[in-house]
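Some notes on the structure that comes next.
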Amino acid sequence: MEEKTKEQAILDAAEQEFLEKGFEAAKTTSIASLAGVNHAMLHYYYRTKENLFNKIFEKKLGIVRDSLFVFFDDPQLPFLEKVQRSVEGHFDFLKANPGLPRFVINELIFKPKRLSQVEETIRKIGKISLQRMAAEIDAEVKRGTITPIEPVHLLIDIATLNVFVFVAMPLLNIFAVETFGSEERFLEARKKENVEIIMRRLKVMNNE
């Protein structure tokens, strides 16, 4: 196994172990076994479980951030289309990674120091995107297409509507299957509902 392949195998195995068990319950011996390397090799690359976890956690936070901002950062899309695609894209991302919200929330609650480790990076990236959003929102408000909203509130509205579905899915499934016939149908209906809620909040004039 080549050096780069070994390191990637360790990262892939660590991601699986941490997402399934969280930091405390995850074992480096299990990660080494999943990666197909010995424990000494894992130690050579990352020294401690904490270092390895931080690598995975920063990566996952970055992915979560990208899933929210990716369409807002596209200069070719009209603003309202960016909003719709962001709601849908973020929802689809969470659907493909249903355990990720619980993983991130749990680690931030039980290990608040993790946020401080990546706070500067998140703040720097987020500030640029929020400034762009604020400028676009101001322009749309002046055109009379939407009512004023703070970019932070818009992002929180999207994130909380979408994240709640997957954090609470074990409970929601009791009603979802009974009402919609399957989890898949429920999720598609819920995605459309979340888009509608956000667009109504913005009060799109030509839909009133």
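The values are calculated or read from the model by the stated rules, or taken from the named source; none is laboratory data. From a predicted model like this one, the values you see are computed outputs, not experimental measurements. Note: ideal-geometry Cβ built from the backbone for every residue, glycine included; neighbour counts use all protein chains shown. Areas reflect the complete protein model, heavy atoms only, side chains present, ligands, DNA and RNA absent. Shrake-Rupley method; radii C 1.70, N 1.55, O 1.52, S 1.80 Å.
Residues whose amide H lies under 5 Å from that of Ile149, counting only those 5 or more places away or on a different chain, are absent; hydrogens are built 1.01 Å from N in the peptide plane.
Mean sequence separation of contacting Cα pairs (under 8 Å, at least six apart), scaled by the length of the range 53-100, corresponds to a relative contact order of 34 percent.
Considering only protein heavy atoms and a probe of 1.4 Å, how much of the accessible area of the chain is carbon and sulfur, as a whole percent? Could you put the intermediate results ahead of the total?
On the way: 6810 of 12010 Å².
For the chain, the apolar C and S fraction of the accessible surface comes to 57 percent.
Would you mind calculating the relative contact order of the range 1-56 from Cα pairs under 8 angstrom and at least 6 residues apart, reporting the percent as a whole number? If you can, show how the numbers build up before the last one.
Numbers: 38 pairs, mean separation 22.9, N = 56.
Relative contact order, the range 1-56: 41 percent.
With the contact rule set at Cα under 8 Å and sequence spacing of 6 or more, what percent relative contact order holds for the chain? Relative contact order here is 19 percent. Net charge of the neighbourhood of Glu88, taken over other residues with C-beta under 10 Å away and scored Lys/Arg +1, Asp/Glu -1, is +2. Along the range 71-81 the Karplus relation, 6.51 cos²θ - 1.76 cosθ + 1.60 evaluated at θ = phi - 60°, assigns HN-Hα couplings of 7, 5, 7, 8, x, 7, 8, x, 4, 5, 5 Hz to successive residues, with x for each Gly and Pro.
Think of the range 4-104 as a dipole: +1 on every Lys or Arg Cβ, -1 on every Asp or Glu Cβ, centred on the Cα centre; then among His39, Ala96, Gln8, His39 lies furthest on the positive end. Averaged over residues, the count of other Cβ atoms within 10 Å places the peptides 130-137, 73-80 in the sequence 130-137, 73-80, highest first. Sum up the charges of everything whose Cβ sits under 10 Å from the Cβ of Asn194, counting Lys and Arg as +1 and Asp and Glu as -1, but leave Asn194 out. Overall, the nearby charge balance is -1. In this simple spin-label approximation, Glu58 and Arg201 carry label points 7 Å from Cα along the Cα→Cβ vector, and these lie 3.1 nm apart. From the square roots a ≥ b ≥ c of the eigenvalues of the alpha-carbon gyration tensor of the range 68-202, which class results: rounded (a/c under 1.5), prolate (a/b over b/c), or oblate? Oblate.
With +1 on each Lys and Arg Cβ and -1 on each Asp and Glu Cβ, and nothing else charged, work out how big the dipole of the chain is about its Cα centre, in Debye to the nearest 20. Working shown, then result.
Working: 30 positive and 31 negative charges, 97 e Å.
Result for the chain is approximately 460 debye, rounded to the nearest 20.
Quote the charge dipole size of the range 1-56 about the Cα centre in Debye, to the nearest 20; the model charges only the Cβ of Lys and Arg (+1) and of Asp and Glu (-1). Please list the in-between numbers first.
Working: 7 positive and 9 negative charges, 31 e Å.
I would put it at about 140 debye.
Karplus-based coupling profile of the range 28-38, in residue order and whole Hz: 5, 5, 5, 4, 4, 5, 4, 7, x, 10, 7, with θ = phi - 60° in 6.51 cos²θ - 1.76 cosθ + 1.60 and x standing for Gly or Pro. Residues within the reach of a label modelled at Phe180 (point 7 angstrom out along Cα to beta-carbon, backbone nitrogen below 12 Å), restricted to the range 73-117, are 92, 95.
Enter the angle in degrees (range 0 to 90, nearest 10) between the Cα long axis of helix 151-167 and the first principal axis of the Cα atoms of the chain, meaning the one along which they spread out most. It is inclined by approximately 60 degrees.
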